[in-house]
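The structure appears below as structure tokens.
The values are calculated or read from the model by the stated rules, or taken from the named source; none is laboratory data. The structure displayed is predicted, hence computed values, not measured ones. No Cβ is skipped: glycine too gets one built from the backbone with ideal geometry, and neighbour counts run over all protein chains shown.
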There are 2 protein chains.
Amino acid sequence: MTTTHINTNSIQDYMQTLGKQARAASRAMAKVDTATKNQALLAIATAIRREAPALRAANQLDLAAAKAAGMEVAMLDRLALSDRAIATMAEGLEQIARLSDPIGEISNMKYRPSGIQVGQMRVPLGVIGIIYEARPNVTVDAAGLCIKSGNATILRGGSEAINCNRALANLVKEGLRNAGLPEQAVQVVDTTDRAAVGALITMPEYVDVIVPRGGKGLIERLMREATVPMIKHLDGICHVYIDDKADLQKAVDIGFNAKCHRYGTCNTMETLLVAEAIAPQVLPLLAERYVTEKVELRCDQQAAQILHAYPHLAMAHETDWSTEYLAPILSVKIVADMAAAIEHINHFSSKHTESIITEDYSRAMAFLREVDSASVMVNASTRFADGFEYGLGAEIGISNDKLHARGPVGLEGLTSLKYVVFGHGEIRQ
Amino acid sequence: MTTTHINTNSIQDYMQTLGKQARAASRAMAKVDTATKNQALLAIATAIRREAPALRAANQLDLAAAKAAGMEVAMLDRLALSDRAIATMAEGLEQIARLSDPIGEISNMKYRPSGIQVGQMRVPLGVIGIIYEARPNVTVDAAGLCIKSGNATILRGGSEAINCNRALANLVKEGLRNAGLPEQAVQVVDTTDRAAVGALITMPEYVDVIVPRGGKGLIERLMREATVPMIKHLDGICHVYIDDKADLQKAVDIGFNAKCHRYGTCNTMETLLVAEAIAPQVLPLLAERYVTEKVELRCDQQAAQILHAYPHLAMAHETDWSTEYLAPILSVKIVADMAAAIEHINHFSSKHTESIITEDYSRAMAFLREVDSASVMVNASTRFADGFEYGLGAEIGISNDKLHARGPVGLEGLTSLKYVVFGHGEIRQ
């Protein structure tokens with residue numbers, strides 16, 4: 001189909017058709033055995049390796065159009081598909097094939113006084129809608145995770161990647177066919193019209209959950225409009241709290257790593273909280289590390305006094321405590337004690353990841369329990385909050401939500417538990 | 001406060017105030033230890049027993065007003081608070097006190113190659129909004145479950161029970177005070193204005209999840225308007241499929257029990273599917289049982305031929321397959337085989353509970369896997385789909401949703417898992 005002349009009514013019809021097809025395919029996918037799903041994944045990987053030149057050509061079309069439209073360099077980098085990136089996509093699928101299949105696992109089967117035996121079976125969610133930016137690797141990654149978890153998926157990538165996504169969609173369909181699976185288990189939305197997103201997030205009859213992967217602006221729009229539930233990730237305002245019972249070396253190592261290992265990631269520390277009693281010792285040591293990376297320190301009054309000689313010092317404003325810098329900038333605040341740190345965190349954090357540095361057992365336990373974030377750590381860098389580091393084997397996204405899944409979401413996050421009952425003719429008395 | 005002269009703006013403000021107070025109380029509740037929560041539950045039970053006469057008096061006010069307003073008898077029955085019902089409320093709280101505390105449980109702690117140890121901790125959801133009909137016992141039941149699971153709750157019961165709910169709210173607050181817990185952990189919405197519901201379901205900043213307990217009309221309204229996620233129960237169009245490899249006795253016992261044990265419950269069978277090959281044997285046996293209860297059988301063509309002499313026979317219309325009768329009526333359909341039964345179920349069922357009657361191992365396993373409902377059973381009555389029968393110890397509701405919780409929802413459904421990391425100074429390489 002051509003994509004430029006579709007009006008909004010046709011888009012609605014088109015998306016409804018994708019939805020119906022996805023729902024039908026999801027029923028078939030739910031009962032596919034592990035070997036067949038793995039066969040499809042490996043066949044897609046093979047097709048991607050074989051068609052690397054064609055994929056690069058399609059990507060060149062996208063890149064040329066994006067450059068002409070004035071796309072900024074960082075975005076162009078994510079859109080570009082190198083030979084290395086193509087190989088990584090194929091390896092990613094092979095890795096997903098090696099993961100255990102979560103579907104059909106039965107747990108907690110227990111006999112009840114009535115005689116029935118009750119437990120739970122892990123099952124696919126059904127149809128997953130994934131909305132993401134112009135990053136072709138997400139197309140393959142998301143398709144792979146949905147296939148392995150027995151779901152059907154509708155993929156809506158950034159319009160700047162449309163040529164590459166079309167080419168990838170064909171290879172995914174080839175792999176599904178190869179394994180005897182329905183092609184419509186993975187459908188790439190083949191229009192750049194934004195009305196397609198509006199339709200996708202308002203078809204609860206065909207779509208069971210939306211996983212948005214994109215900037216805060218996209219997510220906030222979806223939150224206003226979606227009637228389909230979402231597994232969503234807003235932002236990462238992560239904190240490290242250095243307790244006065246901290247080991248100084250751990251505090252300095254983690255305080256530096258959590259900020260400077262990578263600036264653009266959501267699990268990067270954005271605010272450092274330091275207990276009053278240890279601040280005069282630890283802040284100068286940390287400053288010696290931060291200065292090597294020219295990190296700007298936005299300090300409260302007390303911290304600024306201690307760090308008055310630091311060359312990249314600024315005063316923190318109230319807005320700093322709720323800003324995700326994604327840059328070599330860190331807000332620094334002195335707090336009276338752990339209770340004050342927890343209060344600050346539960347007020348300002350985006351509930352992503354927080355870490356306490358302490359050698360005190362009771363405080364470590366209290367921090368773990370009382371901080372209301374998806375990941376809470378003791379003596380570890382916030383940068384570990386990641387599906388691969390946690391051993392999930394894969395990651396479809398990170399959730400700031402509380403229902404269903406918190407934190408890194410792997411294959412299991414794309415599944416649900418239903419109750420199963422083994423009876424022997426029991427009736428209710 | 002008086003409840004009759006509040007305008008919509010004031011209602012918004014009032015609900016915002018409740019929301020803020022609930023959020024603050026939820027932080028305190030999340031860290032309360034098990035013994036203290038149990039102390040509060042037992043203190044509320046004591047207060048309820050002590051104040052039985054006052055509760056009955058408040059209930060009399062509600063009943064008189066409801067009768068004057070022409071409430072129908074079935075509703076009046078649910079509104080009425082007998083001495084027995086009051087004792088049952090108190091016993092319910094004592095039972096909740098005896099359940100294990102789900103909060104703080106840490107599971108699956110595993111060492112990762114980086115050196116960190118990662119697992120998950122069970123934590124409260126935060127603030128639960130519960131919207132229900134004029135049934136005072138739900139006020140106490142829901143308050144008890146939320147207290148035990150470390151959540152704060154805002155309760156909005158049917159306006160016809162307002163006097164009784166106010167009286168109960170005071171006793172709940174007394175119990176919370178007695179244990180040193182914040183009174184605002186349980187707040188009863190003290191206005192009968194319907195705008196309060198609209199406000200409650202659109203404050204995601206203060207309310208983490210809505211649990212509606214009411215008719216389909218209420219739920220459908222909430223689905224259109226809510227911006228807070230819901231754990232919702234729509235309806236129960238439950239199926240029993242009698243396979244041609246069924247044991248006849250089990251088929252007849254379960255077919256009768258699933259329909260006739262109680263008519264008004266959501267786990268009651270509404271459609272009976274029978275394999276063609278066994279229908280001539282099993283349907284006449286079942287008819288002998290159904291006739292004793294004057295069950296109307298709405299049959300497809302084939303079933304009607306077999307049951308032509310049945311005194312309460314009717315022809316099924318297409319709408320019957322998607323009707324929840326909640327009455328001594330059953331739709332009956334002959335299907336070619338299990339595949340046809342599963343197709344019918346996955347199309348018409350409300351994804352609540354379905355049961356297969358068969359002695360065939362492979363079919364039993366396939367039915368369990370392929371039927372996409374919250375509870376799937378083999379050789380057991382659908383009437384077992386219930387939090388108490390499943391051993392959850394309590395039930396806040398039943399979920400037809402796929403995200404978060406499916407089927408009967410107990411204490412665990414009011415909790416979530418966050419990741420916890422025990423480190424030793426690890427940084428990300």
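Looking only at region A:404-429, how many residues end up being at the interface with chain B (Cβ under 7 Å from one of its Cβ atoms), in contact (Cβ under 8 Å) with a residue 12 or more places away in the chain and not aromatic (F, W, Y)?
12
Give me the residue from region B:400-425 that is part of a strand (DSSP E or B) and touching a helix residue (DSSP H, G or I) at 6+ places or on another chain (Cβ under 7 Å) and, out of that set, surrounded by the most Cβ atoms within 10 Å (Cβ to Cβ).
Residue satisfying both the conditions and the ranking: B:V421.
Among the numbered conditions (1) modelled with pLDDT under 95; (2) closer than 20 Å to B:G387 by Cα; (3) loosely packed, with under 15 Cβ neighbours inside 10 Å, tell me where B:R98 comes up short.
Here B:R98 clears every test but (1).
Among the residues of region A:374-396, write down those that are crowded, with 24+ Cβ neighbours inside 10 Å, out of contact with any Gly (no Cβ under 8 Å at 6 or more places or on another chain) and more than 7 Å from every other protein chain (Cβ to nearest Cβ).
A:T382
Which condition number does A:A179 fail, the rest of (1) more than 14 Å from chain B (Cβ to nearest Cβ); (2) out of contact with any Ser or Thr (no Cβ under 7 Å at 6 or more places or on another chain); (3) more than 24 Å from A:L234 (Cα to Cα) being met?
(2)
Looking at region A:9-39, which of its residues are aliphatic (A, V, I, L, M) and under 24 Å from the mean Cα position of the chain (by Cα)?
Selection gives A:A22, A:M29, A:A30.
Going by the conditions given, is B:A277 more than 14 Å from every other protein chain (Cβ to nearest Cβ) and under 24 Å from the mean Cα position of the chain (by Cα)?
So B:A277 does not fit the description; no.
Can you say whether A:E270 is in contact (Cβ under 8 Å) with a residue 24 or more places away in the chain, more than 30 Å from A:R383 (Cα to Cα) and among the acidic types (D, E), as far as the supplied structure shows?
Spelling it out, it is not the case that A:E270 is in contact (Cβ under 8 Å) with a residue 24 or more places away in the chain, more than 30 Å from A:R383 (Cα to Cα) and among the acidic types (D, E).
Pull out all pairs, ordered by first then second residue, where Cβ-Cβ is under 6 Å, the residues are six or more apart or on different chains, the first lies in region A:69-98 and is farther than 12 Å from A:R56 by Cβ, and the second is of a type in the set (K, R).
Cβ pairs passing all conditions: A:R78/A:R135; A:A90/A:R49; A:I96/A:K148.
Criterion first (crowded, with 22+ Cβ neighbours inside 10 Å, outside the structural domain of A:A97 (by TED's automatic domain parsing), of a type in the set (G, A, S) and out of contact with any Gly (no Cβ under 9 Å at 6 or more places or on another chain)) does A:A196 satisfy it?
no
Looking at B:A40, B:A35, B:A74, B:A68 in this structure, which one is loosely packed, with under 15 Cβ neighbours inside 10 Å and closer than 20 Å to B:T88 by Cα?
B:A74
Between a first residue in region A:316-344 that is farther than 18 Å from A:S355 by Cβ and a second residue that is not in a loop (DSSP other than H, G, I, E, B), which pairs have beta carbons less than 6 Å apart while being 6 or more apart in sequence or on different chains?
So the pair list comes out as A:A316/A:R298; A:A316/A:C299; A:A316/A:S331; A:D320/A:R298; A:D320/A:S331; A:S322/A:F348; A:P328/A:E293; A:I329/A:E296.
Quick one: B:L79 ticks every box in (1) under 24 Å from B:A28 (Cβ atoms); (2) away from chain A (no Cβ under 14 Å) except a single one, so which number is it?
(1)
Pick out the one residue from B:G175, B:G215 that is under 18 Å from B:L93 (Cβ atoms), assigned by TED's automatic domain parsing to the domain that holds B:A35 and touching a residue at least 12 places away in the same chain (Cβ under 8 Å).
From the options B:G175, B:G215, the qualifying one is B:G175.
Can you tell me which residue is farthest from A:W321 (Cα to Cα) among those in region A:206-238 that are within 14 Å of chain B (Cβ to nearest Cβ) and in a strand (DSSP E or B)?
The extreme case among them is A:V209.
Picking from A:E359, A:E293, which residue would you name as being assigned by TED's automatic domain parsing to the domain that holds A:N257, over 24 Å from B:Y419 (Cα atoms) and not aliphatic (A, V, I, L, M)?
Residue meeting the stated conditions: A:E293.
Is it true that A:D372 is outside the structural domain of A:V140 (by TED's automatic domain parsing) and under 24 Å from the mean Cα position of the chain (by Cα)?
It is true that A:D372 is outside the structural domain of A:V140 (by TED's automatic domain parsing) and under 24 Å from the mean Cα position of the chain (by Cα).
Taking the stated definitions as given, is A:S331 more than 10 Å from chain B (Cβ to nearest Cβ), part of a helix (DSSP H, G or I) and either surrounded by fewer than 23 Cβ atoms within 10 Å (Cβ to Cβ) or touching a helix residue (DSSP H, G or I) at 6+ places or on another chain (Cβ under 9 Å) (or both)?
Here the answer is no, as A:S331 does not meet what is asked.
Kindly indicate whether any position in region A:168-182 is in a loop (DSSP other than H, G, I, E, B), within 21 Å of the chain's Cα centre (by Cα) and of a type in the set (A, V, I, L, M).
no
Could you figure out which of (1) away from chain B (no Cβ under 14 Å); (2) surrounded by fewer than 17 Cβ atoms within 10 Å (Cβ to Cβ); (3) not acidic (D, E) isn't true of A:T265?
Status for A:T265: all satisfied but (1).
Determine whether region B:335-348 contains at least one residue that is more than 7 Å from every other protein chain (Cβ to nearest Cβ), more than 19 Å from B:S100 (Cβ to Cβ) and out of contact with any strand residue (DSSP E or B) (no Cβ under 9 Å at 6 or more places or on another chain).
Among the residues of region B:335-348, at least one is more than 7 Å from every other protein chain (Cβ to nearest Cβ), more than 19 Å from B:S100 (Cβ to Cβ) and out of contact with any strand residue (DSSP E or B) (no Cβ under 9 Å at 6 or more places or on another chain), which makes the answer yes.
Which of (1) within 28 Å of A:H347 (Cα to Cα); (2) within 24 Å of the chain's Cα centre (by Cα); (3) surrounded by fewer than 22 Cβ atoms within 10 Å (Cβ to Cβ) does B:V127 not meet, given it meets every other one?
(3) is the only condition that B:V127 fails.
Which of (1) over 16 Å from A:P328 (Cβ atoms); (2) touching a helix residue (DSSP H, G or I) at 6+ places or on another chain (Cβ under 6 Å); (3) crowded, with 21+ Cβ neighbours inside 10 Å does A:H233 not meet, given it meets every other one?
(2)
Condition first: out of contact with any helix residue (DSSP H, G or I) (no Cβ under 9 Å at 6 or more places or on another chain) and closer than 23 Å to A:G407 by Cβ. Now tell me which residues in region A:265-279 satisfy that.
A:C266
I need a count of the residues in region B:351-373 that are more than 17 Å from B:A340 (Cα to Cα) and crowded, with 20+ Cβ neighbours inside 10 Å.
Matching residues across region B:351-373 total 2.
Looking only at residues that are assigned to a strand (DSSP E or B) and hydroxyl-bearing (S, T, Y) in region B:103-157, which one is nearest to the other protein chains (Cβ to nearest Cβ)?
Out of the qualifying residues, it is B:Y111.
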